[in-house]
Amino acid sequence: MSERKIRYFDNNATTPVAPEVVEAMLPFYTELWGNPSSAYGFGHQVAGHIEAARAKVAALIGAEPREVVFTSCGTESNNTAIHSALMAQPDKRHVVSTMVEHSANLKYCEFLRQRGFEVTYLPVDGGGALDLGRLEAALRPDTALVSVMLANNETGVLFPVAEVAAICRRKGVLCHTDAVQAAGKIPVDVRQLGVDLLSLSAHKLHAPKGIGLLYVKRRTRFQPYLMGGHQEKGRRGGTENVAYMVGFGRAAELALERLAESSRRIGALRDRLEETLLAAVPDTVRNGAKEPRLPNTSSLAFDFVEAEAVLMLLDQLGICASSGSACTTGSLDPSHVLQAMGLSPMRARGSLRFSLGSTTTEEDVDYLLAHLPGIIRRLRAISPLCAAHPDNDRYDVAAARARQAKELTSLANG
Ligand SMILES: *Cc1c(COP(=O)(O)O)cnc(C)c1O
């Protein structure tokens, strides 16, 4: 492990577990390890802590505790929502999603489509916004579910989920939202949103990885995705991960307490970061509309550079950022979200996401701002892509490519 200080600008990928959360979880590894389904008092005692945690996560989203089903992650919640809507309405075989959903939604939709279900993926405009007229037009008598995310993990752009849910209600179609990125960053209220199903993941709000929830509105027909024991009132089999549920509950409590203050502080830091970079680095644009979006996320396209090269140089300085979703890192395909917004592959490949969080400091932002413009300049100076730029028409492309390859090899080695 490196001793170097980490400057973490990747809070949309995951967040550190809060010390208060760790503390709340520890007794469930030492004294309170019983099986909550057991008939004796020791089991009941543990079950009581699950119900207390359920009440806390329910409060974060304005739900009733009995409307909360704990799952193993945001991915399971999204899969379950889609699965349940189709299985509980066997006469319906059509799902409406969007082109910019998380892979936890898109991959499952693709799986179903290959097995004879029909999926409509709604497009977005250049700012990342949905066209509600198009959404309404996509609904059919056999549409089982509309699944539209609340906040995009790559750009932070918010979808008008309350309006989407109102359209769905009028047409008698179930509505699900992936609110994983929204929780803890903006207020999330299931009654205001009017959705039937909503997904959260704990590790995006300072609880451990490996636990999430699915909100299922009262009286919604539901079909479990994991079948086994009678846990979660028969809605999700599997012996409960008690410590994680308790940790999630504590994190939800903290998120609610700190929401207003932390989103104000983080929003100001993000704005300073973004505005300074847009002013200091030429040929840089923001991806996605400025509003409405999350207060912590900034997606910026730096023309004529490869994001992967920028990330490598930032990493050497202890700065963690990303070129899109953590789930697609490693693939060289440009982000599906940025492409759906109409960015050229070149611009999408030069895009970086900075996602701030409660541990981000003014000094972290200063450090990033002190280094990033120089890194972009340095990479552009050796970029073959600069040959296409009007200011660089004297550029020798072949020599630039060779120099860049050499530079990248030496970066990778040192
Ligand atoms: C992280 C994320 C998920 C997946 O959550 P996991 O708990 O990691 O499975 C789903 N949707 C969005 C928008 C996310 O950002």
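Can you spot a residue in the range 301-312 that is within 23 Å of A202 (Cβ to Cβ) and not basic (K, R)? Reasoning before the result, please.
In the first step, residues of the range 301-312 are kept if they are within 23 Å of A202 (Cβ to Cβ); the result is none.
There is no residue in the range 301-312 that is within 23 Å of A202 (Cβ to Cβ) and not basic (K, R).
Look through S147, S199 and report the one residue that is within 13 Å of the chain's Cα centre (by Cα) and of a type in the set (S, T, Y). Step through it out loud before you land on a result.
Details: S147 fails: within 13 Å of the chain's Cα centre (by Cα).
After ruling out the rest, the residue left standing is S199.
Anything in the range 157-180 that is more than 11 Å from the ligand (Cβ to nearest atom) and within 13 Å of the chain's Cα centre (by Cα)? List them, or say none.
Those that are more than 11 Å from the ligand (Cβ to nearest atom) and within 13 Å of the chain's Cα centre (by Cα): V157, L158.
How about the range 206-225: which of its residues are more than 21 Å from A47 (Cβ to Cβ) and within 11 Å of the ligand (Cβ to nearest atom)?
K209, the sole residue that qualifies.
Condition check ((1) in contact with an Asp or Glu (Cβ under 9 Å, 6 or more places away or on another chain); (2) modelled with pLDDT of 95 or more; (3) within 16 Å of the ligand (Cβ to nearest atom); (4) not small (G, A, S)) across all residues:
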site: I50; (1), (2), (3), (4): yes, yes, no, yes
site: A59; (1), (2), (3), (4): yes, yes, no, no
site: E64; (1), (2), (3), (4): no, yes, no, yes
site: S72; (1), (2), (3), (4): no, yes, yes, no
site: T75; (1), (2), (3), (4): no, yes, yes, yes
site: N78; (1), (2), (3), (4): yes, yes, yes, yes
site: A85; (1), (2), (3), (4): yes, yes, no, no
site: A88; (1), (2), (3), (4): no, yes, no, no
site: D91; (1), (2), (3), (4): yes, yes, no, yes
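Taking the range 44-71 as the region of interest, how many residues are polar (S, T, N, Q) and either over 17 Å from V195 (Cβ atoms) or surrounded by fewer than 24 Cβ atoms within 10 Å (Cβ to Cβ) (or both)?
Result for the range 44-71: 1.
Here is a check on your reading of the model: is G228 within 16 Å of the ligand (Cβ to nearest atom) and farther than 14 Å from I61 by Cβ? So that I can check it myself, show each step before the final result.
Working: within 16 Å of the ligand (Cβ to nearest atom): no; farther than 14 Å from I61 by Cβ: yes.
In short, no.
Identify all residues within the range 304-340 that are more than 16 Å from the ligand (Cβ to nearest atom), assigned to a loop (DSSP other than H, G, I, E, B) and modelled with pLDDT of 95 or more; write none if there are none.
The answer is L317, G318.
If you go through the range 270-295 one residue at a time, how many are out of contact with any Lys or Arg (no Cβ under 6 Å at 6 or more places or on another chain) and either among the β-branched types (V, I, T) or buried (at least 20 other Cβ atoms within 10 Å of the Cβ) (or both)?
10
Among the residues of the range 202-222, which ones are surrounded by fewer than 24 Cβ atoms within 10 Å (Cβ to Cβ), in a loop (DSSP other than H, G, I, E, B) and not basic (K, R)?
Those that are surrounded by fewer than 24 Cβ atoms within 10 Å (Cβ to Cβ), in a loop (DSSP other than H, G, I, E, B) and not basic (K, R): P208, G210, T220, F222.
Please name all residue pairs, on different chains or six or more residues apart, with Cβ atoms under 7 Å, provided the first residue is in the range 33-54 and is farther than 23 Å from Y215 by Cβ and the second residue is hydrophobic (A, V, I, L, M, F, W, C).
If the second residue must be hydrophobic (A, V, I, L, M, F, W, C), the pairs left are G34/F42; G34/V46; Q45/L32; V46/L32; V46/V242.
Would you point out which residue out of S103, S199, S147 is within 13 Å of the ligand (Cβ to nearest atom), surrounded by fewer than 21 Cβ atoms within 10 Å (Cβ to Cβ), closer than 30 Å to R250 by Cα and small (G, A, S)?
Result: S103 is the single residue among S103, S199, S147 that is within 13 Å of the ligand (Cβ to nearest atom), surrounded by fewer than 21 Cβ atoms within 10 Å (Cβ to Cβ), closer than 30 Å to R250 by Cα and small (G, A, S).
Name every residue in the range 181-194 that is polar (S, T, N, Q) and either part of a loop (DSSP other than H, G, I, E, B) or within 15 Å of the ligand (Cβ to nearest atom) (or both), in order of residue number.
Q181
Could you check, for the range 86-96, whether at least one of its residues is touching a Lys or Arg at 6+ places or on another chain (Cβ under 7 Å), aliphatic (A, V, I, L, M), touching a residue at least 24 places away in the same chain (Cβ under 8 Å) and buried (at least 23 other Cβ atoms within 10 Å of the Cβ)?
No, the conditions are met nowhere in the range 86-96.
List the number of the failed condition for R113; all other conditions in (1) in contact with a strand residue (DSSP E or B) (Cβ under 9 Å, 6 or more places away or on another chain); (2) more than 16 Å from the ligand (Cβ to nearest atom); (3) closer than 14 Å to L197 by Cα hold.
(3)
Which condition does A129 not pass, out of (1) more than 22 Å from the chain's Cα centre (by Cα); (2) in a loop (DSSP other than H, G, I, E, B); (3) among the hydrophobic types (A, V, I, L, M, F, W, C), if it passes all the others?
Of the numbered conditions (1) more than 22 Å from the chain's Cα centre (by Cα); (2) in a loop (DSSP other than H, G, I, E, B); (3) among the hydrophobic types (A, V, I, L, M, F, W, C), the odd one out for A129 is (1).
The values are calculated or read from the model by the stated rules, or taken from the named source; none is laboratory data. Quantities reported herein were computed from a predicted structural model and do not represent experimental measurements. Please note: Cβ atoms are built from the backbone with ideal geometry, for glycine as well, and neighbour counts cover all protein chains shown.
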